[in-house]
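**Q** Sharing a structure with you now.
The values are calculated or read from the model by the stated rules, or taken from the named source; none is laboratory data. In this text, all values refer to a predicted model and were calculated from it rather than measured experimentally. When we count neighbours, we look across all protein chains shown, and the Cβ atoms used for this are built from the backbone with ideal geometry, even at glycine.
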């Protein structure tokens with residue numbers, strides 16, 4: 001049986017703009033770092049998976065066409081993956097499938113984002129919604145999450161204070177992450193007093209738009225054995241799920257489909273846990289890197305991932321369960337709230353989770369990590385990916 005693991009990771013510093021490099025050069029920076037981390041060279045890469053979201057964010061069509069040579073993909077198989085915010089997670093899974101097929105031994109999964117060159121990212125993202133029934137009533141990427149937040153508050157008694165706790169923890173964690181875009185210490189009062197974007201979501205409840213790149217090298221067990229690598233983040237389980245397209249379909253009378261709950265993430269997590277042999281995520285998962293562009297999104301996500309019961313995420317944040325020194329640290333990197341290069345944001349979650357498993361996360365390292373989970377979330381809360389990484393399989 002073929003097994004696969006992550007052997008090299010590369011990230012650039014995430015910032016607002018990078019005018020000194022083009023998109024291909026930015027992706028190459030992360031690729032070179034990953035190659036050095038793995039101790040291999042460009043010639044060892046057998047295939048490339050390019051993680052690239054909306055063309056409009058880059059200001060060009062099919063950007064992978066002129067980026068692929070920069071990352072060593074010339075005369076090699078290459079595939080582009082685009083699933084909105086879940087792009088990086090789906091790209092990692094695609095790289096894994098390349099390895100498990102038996103056709104390749106070393107695959108580069110890489111992406112870059114230059115959102116700082118986009119005049120208005122929201123106007124572009126808003127185009128994902130149905131032009132007849134939804135776009136005319138101003139459905140957009142922010143208020144769709146505010147709807148989820150309102151529903152979670154009404155159903156479970158969640159408060160703006162609980163959301164603020166997520167922001168404070170994330171910002172605090174980012175101070176120890178050398179790659180984080182936003183590094184700033186904030187208080188609950190700062191969050192609650194920040195400008196309202198779409199109630200109950202305020203400025204500090206929101207992610208930024210970031211420029212940067214991430215690269216992950218996935219290899220087969222036979223390649224790893226030949227290489228002699230010891231610190232590996234084995235891919236022990238994956239899962240994905242697609243929700244309905246129309247926002248109105250997120251609520252029904254079955255009791256199984258409620259916009260308050262990230263049901264798609266729950267389904268994807270169950271698949272990943274089963275593959276990884278995880279039966280009790282509260283006890284067996286040591287750290288999580290969650291794709292949560294808003295504080296309210298994380299509250300729903302930790303419940304869907306089985307880290308607490310539905311409706312208990314707010315209380316768990318009050319108790320510090322998800323803090324760095326808590327029972328199950330969430331987003332030691334600072335998460336999406338402090339860095340959001342949308343094309344690769346979910347890939348960064350995988351990279352950060354892998355660093356935790358490999359014991360290479362520096363100041364943000366959680367002690368004794370054996371199993372870590374990384375998630376992706378894209379579209380209108382429509383596409384979900386879950387990846388479980390383990391120290392040994």
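**Q** What number of residues within region 180-193 satisfy the criterion of being in contact (Cβ under 8 Å) with a residue 12 or more places away in the chain and surrounded by fewer than 20 Cβ atoms within 10 Å (Cβ to Cβ)?
**A** If we filter region 180-193 for residues that are in contact (Cβ under 8 Å) with a residue 12 or more places away in the chain, which is where we start, we get 180-188, 190-192.
With surrounded by fewer than 20 Cβ atoms within 10 Å (Cβ to Cβ) added as a condition, the list becomes 183-188, 190, 192.
So the count comes out to 8.
**Q** Now a separate question. Just to be sure I understand, how many residues within region 340-371 are in a loop (DSSP other than H, G, I, E, B), touching a strand residue (DSSP E or B) at 6+ places or on another chain (Cβ under 7 Å) and buried (at least 21 other Cβ atoms within 10 Å of the Cβ)?
**A** 5
**Q** Which numbered condition trips up residue 139, out of (1) at pLDDT below 85; (2) closer than 30 Å to residue 70 by Cβ?
**A** (2)
**Q** If you scan region 197-217, which residues turn out to be outside any strand (DSSP E or B), surrounded by fewer than 24 Cβ atoms within 10 Å (Cβ to Cβ) and touching a residue at least 60 places away in the same chain (Cβ under 8 Å)?
**A** Within region 197-217, 200, 207, 208, 209 meet the criteria.
**Q** Moving to a separate point now. Note down all Cβ pairs under 8 Å where the first residue falls in region 122-144 and is free of Cβ contacts under 8 Å to residues at least 40 places away in the same chain, the second is surrounded by fewer than 19 Cβ atoms within 10 Å (Cβ to Cβ) and outside any helix (DSSP H, G or I), and they're at least six residues apart or on different chains.
**A** Qualifying pairs under 8 Å: 122/142.
**Q** In addition: Would you be able to tell me the number of residues in region 365-384 that are at positive phi and modelled with pLDDT of 95 or more?
**A** Final tally of qualifying residues: 1.
**Q** Mind listing whichever residues of region 33-68 are surrounded by fewer than 17 Cβ atoms within 10 Å (Cβ to Cβ), within 19 Å of residue 95 (Cβ to Cβ) and in contact with a helix residue (DSSP H, G or I) (Cβ under 9 Å, 6 or more places away or on another chain)?
**A** 39, 41, 42
**Q** Could you check residue 311 against (1) modelled with pLDDT of 95 or more; (2) touching a strand residue (DSSP E or B) at 6+ places or on another chain (Cβ under 9 Å) and say which number it fails?
**A** The single condition residue 311 does not satisfy is (2).
**Q** Here is a further query. Name the one entry in 257, 317 that is crowded, with 24+ Cβ neighbours inside 10 Å and over 18 Å from the mean Cα position of the chain (by Cα).
**A** Working: 257 fails: crowded, with 24+ Cβ neighbours inside 10 Å.
On inspection, the qualifying residue turns out to be 317.
**Q** If you don't mind, another one. Of all residues in region 126-138, which are part of a loop (DSSP other than H, G, I, E, B) and either within 22 Å of the chain's Cα centre (by Cα) or under 17 Å from residue 243 (Cα atoms) (or both)?
**A** Of everything in region 126-138, those that are part of a loop (DSSP other than H, G, I, E, B) and either within 22 Å of the chain's Cα centre (by Cα) or under 17 Å from residue 243 (Cα atoms) (or both) turn out to be 129, 130, 134.
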